[in-house]
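The values are calculated or read from the model by the stated rules, or taken from the named source; none is laboratory data. For clarity, every value in this text was computed on a predicted model and none was experimentally measured. Note that we place each Cβ from the backbone using ideal geometry, even for glycine, and neighbour counts take in every protein chain shown. Protein only, heavy atoms only, side chains kept; ligands, DNA and RNA dropped before computing areas. Shrake-Rupley method; radii C 1.70, N 1.55, O 1.52, S 1.80 Å.
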Amino acid sequence: MTKSPTPYDAIILGAGGAGLMCAAVAGQRGRKVLLIDHADQPGKKILISGGGRCNFTNIHTAPDRYLSANRHFAKSALSRYTAQDFIALVNGHNIAWHEKTLGQLFCDGSAKQVVAMLMDECPDDSVTLSLGQSVSDIRHSDGTYQVDYGSEAATAPALVIATGGPSIPKMGATSFAYDIARQFGLKVVEPRPALVPLTLGGEETLFRSLSGVSAPIVASCGKTAFREAALFTHKGLSGPAILQISSYWRHGDPVGVDFLPDLKPDWLTKLKREAPRLTLSRAVNAHLPARLSETLLERIALSGDLGNLADRKLEEASRRLSNWRFMPNGTEGYAKAEVTAGGISTGELSSKNMEARQVPGLYAIGEAVDVTGWLGGYNFQWAWASGHAAGQAL
């Protein structure tokens with residue numbers, strides 16, 4: 001039998017990055033907040049991120065590094081709570097950190113420090129945390145939300161959806177956010193795995209034999225390109241460049257790979273003049289791992305001394321290596337996706353405070369919303385910024 005409900009100023013569903021930030025900000029403003037999560041501890045995705053060191057933000061955060069049906073939506077929240085703001089919070093808690101490549105910031109120690117920091121930011125007298133409790137029912141009438149969870153019930157004039165997306169289901173991730181959104185009539189942009197390895201089939205399965213081989217490349221899809229490492233796997237393609245481009249890839253699209261991004265188109269014909277007795281395989285091996293070089297040249301079906309090969313053949317080989325076309329047959333799905341693209345439509349929400357336009361008191365933040373950042377701390381910065389925006393409004 002459910003007890004009579006306990007009243008709060010706001011109920012936040014999901015104690016991940018966005019939910020914790022939202023609870024901290026609202027709690028510090030004196031709001032009485034209930035933070036509910038079905039997991040047995042807060043911030044579970046934070047704890048596994050960045051190899052356990054949490055890539056907590058990126059100093060190059062900008063709205064153009066996010067995907068959304070409305071590419072302007074993230075501007076407001078990101079401009080009002082910046083990477084520098086979160087760095088100041090981290091510094092204030094004496095958490096040591098370092099910058100890796102491309103503006104990515106990581107804890108020197110452990111991701112546990114970030115979760116502990118966010119928990120410390122939640123005032124004990126205003127934020128109540130309920131863990132290991134599943135929500136069984138959500139109702140709304142007369143401007144009040146009632147949430148039944150475990151054997152408890154709570155009411156509040158504000159309800160925040162911060163339960164993320166379905167990526168990494170082994171961590172307990174589900175599509176619960178979309179169920180709540182649809183219950184209240186909010187549109188959902190079709191969710192899909194993002195920052196996820198791509199799979200290869202058909203004739204391209206031969207590339208699976210290169211499992212474990214990596215190389216610096218430029219991966220492209222449409223007009224978007226990323227220069228980072230690619231890694232061949234026993235299922236297809238992974239590595240930072242591929243994870244980045246996967247967010248832009250759709251079934252049926254080719255993915256272009258430039259295996260030789262630092263070389264000019266005429267490099268082979270020039271090398272032919274300088275070293276005619278050098279073999280094509282040795283020329284390419286100088287720039288790529290041998291196993292990769294051999295597989296690519298096998299597909300091009302060209303070999304021999306450079307001096308014995310026609311310029312047009314060398315130019316064509318150079319073109320192929322600089323614009324190799326892969327046709328992925330899918331992704332490794334939510335199990336291997338770092339985040340979810342799509343989600344609760346930004347058209348339903350205020351960009352200023354994340355509140356649903358047509359449903360007063362209902363908010364959506366973090367990964368649950370159709371805003372997806374690049375790899376490298378951008379998604380955490382969106383969690384902090386969107387959580388902060390809603391926390392200021394509750």
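Amide H to amide H, which residues 5 or more places from A153 or on other chains are under 5 Å from it, using H placed in the peptide plane?
Those lying under 5 Å, H to H, from A153 are K3, T6.
Just read off the accessible area of H98 with the full protein assembly in place, 1.4 Å probe, to the nearest 10 Å².
For H98, the solvent-accessible surface is approximately 60 Å².
Choose one of A275, H251, L297: the residue whose Cα lies farthest towards the positive end of the charge dipole of segment 227-299 (beta-carbon charges +1 Lys, Arg; -1 Asp, Glu; about the Cα centre).
A275
Through the Karplus equation 6.51 cos²θ - 1.76 cosθ + 1.60, θ set to phi - 60°, convert the phi angles of segment 237-245 into ³J(HN,Hα) values in whole Hz; use x for Gly and Pro.
Going residue by residue, I get 10, 8, x, x, 4, 6, 4, 4, 6 Hz, with x marking Gly and Pro.
Calculate the spin-label point distance for I87 paired with H60, positioning each point 7 Å from the Cα along the beta-carbon direction, and give it in nanometres.
If labels sit at H60 and I87, their model points lie 1.5 nm apart.
For Q28 and E294, calculate 0.36 nm times their separation in residues minus their Cα-Cα distance, and state this gained length in nm to one decimal.
That works out to 89.7 nm of additional length.
Which lysines have a Cα lying under 23 Å from the Cα of K235, excluding residues fewer than 8 positions away in the same chain?
K170, K336
Can you check what the net charge comes to around A275, using other residues whose Cβ is under 14 Å from the Cβ of A275 (Lys, Arg +1; Asp, Glu -1)?
Here the charged neighbours net out to +3.
Quick one: check the C-alpha center-to-center distance for segment 221-241 versus segment 62-126, whole angstrom.
Measuring centre to centre over Cα atoms gives 26 Å.
Rounded, prolate or oblate: pick one for segment 353-394, where a ≥ b ≥ c are the square roots of the eigenvalues of its C-alpha gyration tensor, a/c under 1.5 means rounded, and failing that, prolate if a/b is larger than b/c, else oblate.
Since a/c reaches 1.5 but b/c is at least a/b, the shape of segment 353-394 is classed as oblate.
Give the shape of segment 88-209 as rounded, prolate or oblate, defined through the alpha-carbon gyration tensor: a ≥ b ≥ c are the square roots of its eigenvalues, a/c under 1.5 means rounded, and otherwise the shape is prolate if a/b is larger than b/c and oblate if not. Walk me through the intermediate numbers first.
On the way: a/c = 2.61, a/b = 1.22, b/c = 2.14.
Since a/c reaches 1.5 but b/c is at least a/b, the shape of segment 88-209 is classed as oblate.
Rg/Rh for the chain to two decimals, with Rh computed the Kirkwood way over all alpha-carbon pairs.
1.08
Report the local net charge at S318: Lys and Arg +1, Asp and Glu -1, summed over other residues whose C-beta lies under 9 Å from its C-beta.
Here the charged neighbours net out to 0.
Given +1 on the Cβ of Lys and Arg, -1 on the Cβ of Asp and Glu, and no further charges, what dipole in debye does the chain carry about its Cα centre, rounded to the nearest 20? It would help to have the intermediate numbers written out before the result.
On the way: 39 positive and 37 negative charges, 221 e Å.
Magnitude of the dipole: close to 1060 debye.
Name the residue, out of L20, L206, L129, whose mean-square fluctuation peaks in a Gaussian network model built on the chain with Cα pairs under 10 Å.
L206
At 0.36 nm per residue, and after removing the present C-alpha to C-alpha distance, how many nm does the segment from D137 to D120 gain when stretched out fully?
Stretched out fully, the D137 to D120 stretch lengthens by 3.2 nm.
Tabulate in residue order the Karplus-calculated ³J(HN,Hα) for segment 50-67, using 6.51 cos²θ - 1.76 cosθ + 1.60 with θ = phi - 60°, rounded to whole Hz; enter x for Gly and Pro.
Taking θ as phi minus 60°, the curve returns x, x, x, 10, 6, 7, 6, 6, 9, 5, 9, 3, 7, x, 6, 9, 10, 9 Hz for segment 50-67.
According to a simple spin-label model (label point 7 Å from Cα along Cα-to-Cβ), what is the distance in nm between H251 and K223?
Going from the K223 label point to the H251 one covers 2.7 nm.
Once Rh for segment 43-89 is found with the Kirkwood sum over Cα pairs, what is the Stokes-Einstein diffusion coefficient at 4 °C and 1.567 mPa s, in µm²/s? Kindly include the intermediate steps, with their values, before the conclusion.
Details: Rh = 12.1 Å.
The Stokes-Einstein estimate is 107 µm²/s.
Evaluate the charge dipole of segment 49-126 about its Cα centre and quote only its size in Debye, nearest 20, assuming +1 on the Cβ of each Lys and Arg and -1 on the Cβ of each Asp and Glu.
Rounded to the nearest 20 debye, it is 460 debye.
Any idea what diffusion coefficient segment 158-258 gets from Stokes-Einstein, in µm²/s, Kirkwood Rh on alpha carbon pairs, 10 °C, 1.306 mPa s?
It diffuses with D of about 103 µm²/s by this estimate.
For G239, list long-range residues whose amide hydrogen, built 1.01 Å from N in the peptide plane, is under 5 Å from its own amide hydrogen.
Those qualifying (amide H under 5 Å, at least 5 residues apart or on another chain) are L231.
Calculate the spin-label point distance for S110 paired with R357, positioning each point 7 Å from the Cα along the beta-carbon direction, and give it in nanometres.
Taking the two extended label points, one gets 4.6 nm.
What are the ³J(HN,Hα) couplings of segment 166-173, residue after residue, when phi is run through the Karplus curve with 6.51, -1.76, 1.60 and θ = phi - 60°? Round to Hz, x for glycine and proline.
Listing the rounded values in order: x, 5, 6, x, 5, 8, x, 5 Hz.
Using only DSSP helix segments of four residues or longer, with each worth -39500 (n - 2.57), what per-residue ellipticity at 222 nm results for the chain after dividing by its residue count and rounding to 500?
-8000 deg cm²/dmol
Would you tally the net charge around L195, using a Cβ to Cβ cut-off of less than 10 Å, leaving L195 out, and scoring K and R as +1, D and E as -1?
0
For segment 40-147, what does the alpha-carbon gyration tensor say about shape, rounded, prolate or oblate, given a ≥ b ≥ c as the root eigenvalues, a/c under 1.5 as rounded, and a/b over b/c as prolate? Mind showing how you got there, number by number?
Values: a/c = 2.01, a/b = 1.31, b/c = 1.54.
Since a/c reaches 1.5 but b/c is at least a/b, the shape of segment 40-147 is classed as oblate.
With only Lys, Arg, Asp and Glu charged, each at its Cβ (+1 for the first two, -1 for the last two), find how big the charge dipole of segment 252-349 is about the Cα centre; round to the nearest 20 debye.
Around 540 debye, computed over segment 252-349.
By average Cβ neighbour count within 10 Å, what is the ranking of 105-114, 301-310, 118-127 from highest down?
Working: 105-114: 19.0, 301-310: 14.0, 118-127: 16.9.
My ranking of the peptides, most packed first, is 105-114, 118-127, 301-310.
Taking amide H positions as placed 1.01 Å from N in the peptide plane, with prolines and chain starts having none, which residues 5 or more places from T57, or on another chain, fall under 5 Å of its amide H?
L105
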